[in-house]
1. Once amide H atoms are placed 1.01 Å from N in the peptide plane, what residues at a sequence separation of 5 or more from B:L120, or on another chain, have their amide H within under 5 Å of its amide H?
2. With +1 on each Lys and Arg Cβ and -1 on each Asp and Glu Cβ, and nothing else charged, work out how big the dipole of the stretch B:255-323 is about its Cα centre, in Debye to the nearest 20.
3. Tell me what the protein assembly as shown gives for mean residue ellipticity at 222 nm when only DSSP H runs of n ≥ 4 count, each as -39,500 (n - 2.57), the sum divided by the residue total, rounded to 500 deg cm²/dmol.
4. How high is the relative contact order of chain A, in percent, with contacts defined as C-alpha pairs under 8 Å that are six or more residues apart?
5. How much accessible surface area, in Å² rounded to 10, belongs to the heavy atoms of B:V276 with a 1.4 Å probe?
6. For the stretch A:254-260, what does the Karplus curve 6.51 cos²θ - 1.76 cosθ + 1.60, with θ = phi - 60°, yield as ³J(HN,Hα) per residue in whole Hz, taken in order and with x for Gly and Pro?
7. Given the rotation that superposes chain B on chain A, what residue of B brings its beta carbon nearest the axis, and what is the distance in Å?
8. Spelling out what I want: for every residue of the stretch B:9-18, take phi, set θ = phi - 60°, compute 6.51 cos²θ - 1.76 cosθ + 1.60 (Karplus), and round to whole Hz; glycine and proline get x.
2 protein chains.
Amino acid sequence: MRLATRSDGSRDGELVIVSARHDRWVSARGIVPNLQTALDSWDEVAPKLQELDRDLALGKLGEPSAFAELRAPLPRAYEWIDGSAFVQHIELVRRARGAALPDDLLTNPLMYQGGSGCLLGPHDDVPLADEAWGLDFEGEVAVVLGDTPRGLSPSRALDHVRLIVLANDWTLRQLVPAELAKGFGFFVSKPATSFSPLALTPDELGPHFRDGRVQLPLRSFLNGRLVGEPEAGEMHFSFGELIAHAVRTRSLTAGTLLGSGTVSNRDPARGVSCLVEQRTREQLDSGTVTTGYLKPGDRVRIEMLDPTGANLFGSIEQTVVLG
Amino acid sequence: MRLATRSDGSRDGELVIVSARHDRWVSARGIVPNLQTALDSWDEVAPKLQELDRDLALGKLGEPSAFAELRAPLPRAYEWIDGSAFVQHIELVRRARGAALPDDLLTNPLMYQGGSGCLLGPHDDVPLADEAWGLDFEGEVAVVLGDTPRGLSPSRALDHVRLIVLANDWTLRQLVPAELAKGFGFFVSKPATSFSPLALTPDELGPHFRDGRVQLPLRSFLNGRLVGEPEAGEMHFSFGELIAHAVRTRSLTAGTLLGSGTVSNRDPARGVSCLVEQRTREQLDSGTVTTGYLKPGDRVRIEMLDPTGANLFGSIEQTVVLG
């Protein structure tokens, strides 16, 4: 199933099921008011949504879709936890700011708790109060969890993945070093995160969701120009391992979002999912950084195509605005 | 008003209004299903709750209260943000682990994003899988916010405080150093946080909520023995300043919880709101730490009395259990 949240004036929006070709959708309001409520009772609700999805596919119901009306699948979520499973990204970014690498980089996932109460939709403008803050994008894959008990093993953890989405974990790079030096992690350096139009059940990815990883390239565009298409399957830690780390000492509630961290590959030819990597590579290659951070008017697009060219999650496509 | 959340089998519980003497309560289910829903439409809902509160006070309705049924006021919240406004605590704790103090300790609040999807109620057992993790309590004051827009000044920020609660921000001390060394802040070192039975509207504190601070001592007991009653008014940063910092680069949604950090005073005679401070003082005074961290069977109680001896928020009173 392809689920999405349409704006209806409520805080949580209205759940819609989207057709395979993305051209039609049907409201799920006869079953649940919104996606969070569906996740709260997934075992009971999912079969009813599947029935609606079948009727949509058969053309028995539905209406033309209007992706401009879409918000984040969960406009407010109970948690947004972001791993950093592409260790290549950590190595590059820390090199850029002269920070040390954790000794247990390859065995102990880096993870931070992000703000989750106000999440941005795929077409929302991204406000930037001060260009000197160094706004950057970070293209990621993320999962939406059902209730996930404390102490799960990585292999059991994947059973709790309900949906898969794309995310843009916006970062204010110039606020990061001072904030991390204080020792408590990111806070003001992470403004609201954005999510893709569609949230897919794992079966929609078929063989492309394998070994707890989405095995497809993530494409990022800046002002219409492709800046990277690294392979999202190159995650060092699988989603199972990230989830198991997240529940080591506490449980997670249904609707928790958990991200992969910036998709990043060792092969520089694959390009980047964030500007700081490009800047670091420029510095390392030529000694001179030519790429600037984002400024008002810049447009960032993030999407993932399957081998047939289908835009699986729809595009996150946003404009930076002064404000 | 004194609000609380009674267990009713639902995820969010049932909102009740509690009498001034805490001996009676009335369900608010005729107005809203739960506290989050009340916060979502506070301006419209609060006057109706006040009317119910008046009828409760007049004895027109209500039933005997049963505090054992109470959960956290928000059993799942959209955000739990914890400041560290008692700089004395930061100085002591960092001294204990040999960590440097931030240069801007007195001008830039330390703040971390905590997990908020599964919060503990005031009488829930506290599971501890491994005693070697060094479980400690942290007694705090916290506020529940309404919708709070990005970029507010400290003076305007206080207008968004809807309720005041107490919290116990449990910490696994022995997991902290390795986790903070990784640079992303606390994660597994912070298991689920606990909250007081009652959430009070600021007017209930009268002159004791002043200058954006709760000006009363916070009392902590370990196994029935008072270990501290530091003055919560000794916050270096006010709640207005903490909120303003939290919304510097993003907005917060209604129902966001924001904590003061561990209540701590310069005067050692006031005792502590966490064991790590006691351990640090022992180390500094005698060179030997005699206080251990918590073990299964230990009971921790946190409460705040007004000058007449009234237990304003009810007590958080929990037992550590192996598990």
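The values are calculated or read from the model by the stated rules, or taken from the named source; none is laboratory data. This is a predicted model, so every value here is computed, not measured. As a convention, Cβ positions derive from the backbone with ideal geometry for all residues, glycine included, and neighbour counts pool all protein chains shown. The accessibility values were calculated without ligands, DNA or RNA, using every heavy atom of the protein model including side chains. Shrake-Rupley method; radii C 1.70, N 1.55, O 1.52, S 1.80 Å.
1. HN-HN under 5 Å from B:L120: B:T193, B:S194, B:F195.
2. Numbers: 7 positive and 8 negative charges, 27 e Å.
So the dipole magnitude of the stretch B:255-323 works out to roughly 140 debye.
3. Details: 14 runs with 124 residues, N = 646.
Calculated from helices alone, the mean residue ellipticity at 222 nm is -5500 deg cm²/dmol.
4. On the way: 788 pairs, mean separation 72.3, N = 323.
Across chain A, relative contact order equals 22 percent.
5. 10 Å²
6. Each residue of the stretch A:254-260 in turn: 4, x, 5, 9, 10, x, 7 Hz.
7. Taking the axis that maps B onto A, the answer comes out as B:G185, 1.
8. x, 8, 5, 9, x, 10, 6, 10, 9, 10
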